[in-house]
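Peer 1: One structure, as C-alpha cells, below. Some questions next.
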Amino acid sequence: MRIKNSILDIVLNAVCVLLLIGLVIYLIIRWSSIPDQIPGHFNASGEVTRWDSKSTLIVMPIIAGVLYIGMTILEQFPQVWNTGVRVTQDNMFRVYKILKSMISIIKLLIVATFTTIAIVQSYAVSLPVWLLPVFISLIFGTVIINLVRLVRAR
C-alpha cells in the first residue's frame, strides 16, 4: 500500500533536503577558515572529549543523508512498520498516515541535529548544553504524541 505524501510531509522533506544541501554548501564555502583540529566527540554535557581533523566534517552530511534516504525508503513500505497497534482494513490508512508523518518529523529532527552539530564543530567549540536534552525531548515527544494518535486512530 502506498501512502500519499501530505503537504506537511512534502514541506518537511523539502526542509530536510535544503538543510543537507545547505550544510554541504556551508562546508565548501567555509572550509579554508575551519580550524585543522575540530571537536570529534562530545560528552552528554556538550564538552569536547576528542579532537579530530577537520576532514571528519565531511562525514556529517554523508551520515545525515544516508539516514534521510534510508528513512525515506522505509516510508514507502508501511507493511514493514512496527505500528504498535493492530492494523486492520478499517484503520490501515489512518494508522499508516500517522506513522508516515511521524517518520517525516523524525527525519527533519535528525537532519537538523546533524547540521547543527557539524556547524558547531566547524567553529571548534563545545556543543550548546541545551542541544542533547532538546533533541531527545523532541524525538520522544514526537513518538509519544504519535503513539497517542495511533491508539485513538485504531
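Peer 1: Considering only region 33-49, how many residues are under 16 Å from Thr116 (Cα atoms), assigned to a loop (DSSP other than H, G, I, E, B) and in contact with a Phe, Trp or Tyr (Cβ under 9 Å, 6 or more places away or on another chain)?
Peer 2: Residues flagged as under 16 Å from Thr116 (Cα atoms), assigned to a loop (DSSP other than H, G, I, E, B) and in contact with a Phe, Trp or Tyr (Cβ under 9 Å, 6 or more places away or on another chain) within region 33-49 amount to 2.
Peer 1: Continuing with the same structure: Report yes if Arg86 is at pLDDT below 95 and more than 22 Å from the chain's Cα centre (by Cα), otherwise no.
Peer 2: It is true that Arg86 is at pLDDT below 95 and more than 22 Å from the chain's Cα centre (by Cα).
Peer 1: If you don't mind, another one. For Ala14, work out the one condition from (1) surrounded by fewer than 14 Cβ atoms within 10 Å (Cβ to Cβ); (2) modelled with pLDDT of 95 or more; (3) among the aliphatic types (A, V, I, L, M); (4) in contact with a helix residue (DSSP H, G or I) (Cβ under 8 Å, 6 or more places away or on another chain) it doesn't fulfil.
Peer 2: In the conditions (1) surrounded by fewer than 14 Cβ atoms within 10 Å (Cβ to Cβ); (2) modelled with pLDDT of 95 or more; (3) among the aliphatic types (A, V, I, L, M); (4) in contact with a helix residue (DSSP H, G or I) (Cβ under 8 Å, 6 or more places away or on another chain), Ala14 misses (4) alone.
Peer 1: Out of the residues in region 66-102 that are hydrophobic (A, V, I, L, M, F, W, C) and not in a helix (DSSP H, G or I), which is farthest from Ile3 (Cα to Cα)?
Peer 2: Across region 66-102, the extreme among qualifying residues is Val85.
Peer 1: Identify all residues within region 8-39 that are without any contact (Cβ under 8 Å) to a residue 40 or more places away in the chain and either of a type in the set (Gly, Ala, Ser) or under 16 Å from Ser55 (Cβ atoms) (or both); write none if there are none.
Peer 2: Ala14, Val24, Ile28, Trp31, Ser32, Ser33, Asp36
Peer 1: Follow-up question, since we're still on this one. Please give the number of the condition Ile3 fails out of (1) in contact (Cβ under 8 Å) with a residue 12 or more places away in the chain; (2) farther than 30 Å from Val95 by Cα; (3) more than 19 Å from the chain's Cα centre (by Cα).
Peer 2: Among (1) in contact (Cβ under 8 Å) with a residue 12 or more places away in the chain; (2) farther than 30 Å from Val95 by Cα; (3) more than 19 Å from the chain's Cα centre (by Cα), Ile3 violates only (2).
The values are calculated or read from the model by the stated rules, or taken from the named source; none is laboratory data. Please read all numbers here as calculations on a predicted model, not as lab measurements. A quick note on method: Cβ atoms are made from the backbone with ideal geometry, for glycine too, and the neighbour counts reach across all protein chains shown.
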